[in-house]
Amino acid sequence: MMLRKSIALAFTLALLTLGSFWPVRMQVDPSFWGRVFDVGHIPMLGWLAAVLLYALPERVQPSTRRHALALALAVGFAAVVEILQPFFGRSKSLGDLVNGSTGAALALTGIAAWQRTGNWLWRGCHAVALAAALAVALWPAYVEWRGIRWRQTHFPSLGAFEDEAELKLWRSQGGSRGHATNITLTRARASQGERSLRVVGVAGDWAGVNYSAGDKDWTPFRALSVDVFNPREPFTLFVRVDDNGNCATLADRFERGFELVRGWNRLRVPTSELERGPKERRLNMKAVRRVAVFTGDGEPQRFWFLDNVRLEKRDGEQDQD
Ligand SMILES: [Ca+2]
């Protein structure tokens, strides 16, 4: 019996330790997968708490003390993991600790409600608490998933800026220390539909937006088209496209500047030009990961509107405007 308990505990600890420190880095839709992993702390720590309760020596009595000790050990494990994770290329997160502790508490109260009390009121209350905790924990992942669903259903439109869900695909980037670029949906301008994305940069570097393109296949399309409204004096706006390869340096990706006139501008890049963007290879048009639209480095504050970012179909196929 003692041996079986030790094996169960050792196996659980080994697996959870490995899972906690393995350098996971999701390349596609990292925001969504990050939220999913956050939720994963609930079942993981729930499992650990249940195993701890099972493996505690029989002399630990009464039952409430066993449960309390199992909870304390599970929360302690979760806390130590969060403190150590930054040393293994993972990030420390209070949210993970909260989710983990919630999972441990739910597992232990669940075991008490089902195994010991035999009371349906407690079981019902536990089920409600479990459902509520999962709903709260899953919400951020759900919100991210709505962005991914928008991308799936609207492709080859990359941005119409009519729906709040698009703000999970388009995120601000750049600016200067402590002053981030600000983006909002607005009715002030639109080249398509009723709204566009207002991008208010700050003085600094690479202020703009980037789009999570989800490794989609762009080969059936002839061009990337982007509408930009510039309310003030002319300036240069850059368009960058990354594939699923290494795009760290300028020579590894597509990047090109466009001179914006005052008013509406349509920036158009043939996919053949995108493909020839990198110096020593071809951009993989079968898996496009990211599009970024931004001003250069050391720029003054700029303010512009983005709308109707889309891929144009090849000749013979009808385009939607
Ligand atoms: Ca629009």
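Yes or no: the range 61-69 includes at least one residue that is among the hydroxyl-bearing types (Ser, Thr, Tyr) and out of contact with any helix residue (DSSP H, G or I) (no Cβ under 8 Å at 6 or more places or on another chain).
Just the residues of the range 61-69 that are among the hydroxyl-bearing types (Ser, Thr, Tyr), to begin with: 63-64.
Next, from what is left, pick out any that are out of contact with any helix residue (DSSP H, G or I) (no Cβ under 8 Å at 6 or more places or on another chain): 64.
Taking every residue of the range 61-69 in turn, at least one turns out to be among the hydroxyl-bearing types (Ser, Thr, Tyr) and out of contact with any helix residue (DSSP H, G or I) (no Cβ under 8 Å at 6 or more places or on another chain).
Give me the strands (runs of 3 or more DSSP E) completely within the range 194-234, filtered to those with at least 2 residues that are in contact with a helix residue (DSSP H, G or I) (Cβ under 7 Å, 6 or more places away or on another chain), ordered by residue number.
221-230
Being outside the structural domain of ASP243 (by TED's automatic domain parsing), under 24 Å from GLY110 (Cα atoms) and crowded, with 20+ Cβ neighbours inside 10 Å narrows it down to one of ALA49, ALA10, so name that one.
Only one candidate qualifies: ALA49.
Do we find a residue being surrounded by fewer than 18 Cβ atoms within 10 Å (Cβ to Cβ), outside any strand (DSSP E or B) and not β-branched (Val, Ile, Thr) anywhere in the range 302-312?
no
May I ask you to list the residues in the range 107-147 that are in a helix (DSSP H, G or I) and polar (S, T, N, Q)?
Once the filter is applied, which keeps residues that are in a helix (DSSP H, G or I) and polar (S, T, N, Q), the range 107-147 yields THR109, GLN115, THR117.
So, in the range 194-225, of the ones that are β-branched (Val, Ile, Thr) and surrounded by fewer than 22 Cβ atoms within 10 Å (Cβ to Cβ), which residue ends up farthest from the ligand (Cβ to nearest atom)?
THR219
Take SER172 and decide whether it is surrounded by 19 or more Cβ atoms within 10 Å (Cβ to Cβ) and either assigned by TED's automatic domain parsing to the domain that holds PRO30 or modelled with pLDDT under 95 (or both).
yes
As an exercise: evaluate ARG256 against (1) surrounded by fewer than 17 Cβ atoms within 10 Å (Cβ to Cβ); (2) in contact (Cβ under 8 Å) with a residue 60 or more places away in the chain and give the number of the one condition it does not meet.
(2)
Residue by residue through the range 171-193, note down the ones that are in a strand (DSSP E or B), within 16 Å of the ligand (Cβ to nearest atom) and not polar (S, T, N, Q).
Residues of the range 171-193 that are in a strand (DSSP E or B), as a first pass: 171-176, 179-180, 182-186.
Those still in the list that are within 16 Å of the ligand (Cβ to nearest atom) too: 183-186.
Hits for the range 171-193 are ILE183, LEU185.
Any chance you could count how many residues in the range 60-75 are within 19 Å of ALA8 (Cα to Cα) and modelled with pLDDT of 85 or more?
Filtering the range 60-75 for residues within 19 Å of ALA8 (Cα to Cα) gives 60, 66-67, 69-75.
Keeping just the survivors that are modelled with pLDDT of 85 or more gives 66-67, 69-75.
Adding up the residues that qualify gives 9.
Identify all residues within the range 148-165 that are within 16 Å of the ligand (Cβ to nearest atom), assigned to a helix (DSSP H, G or I) and buried (at least 16 other Cβ atoms within 10 Å of the Cβ); write none if there are none.
Result: TRP150, ARG151, HIS154, ALA165.
The values are calculated or read from the model by the stated rules, or taken from the named source; none is laboratory data. Quick caveat, the model's predicted, so the values are computed rather than measured. Note: ideal-geometry Cβ built from the backbone for every residue, glycine included; neighbour counts use all protein chains shown.
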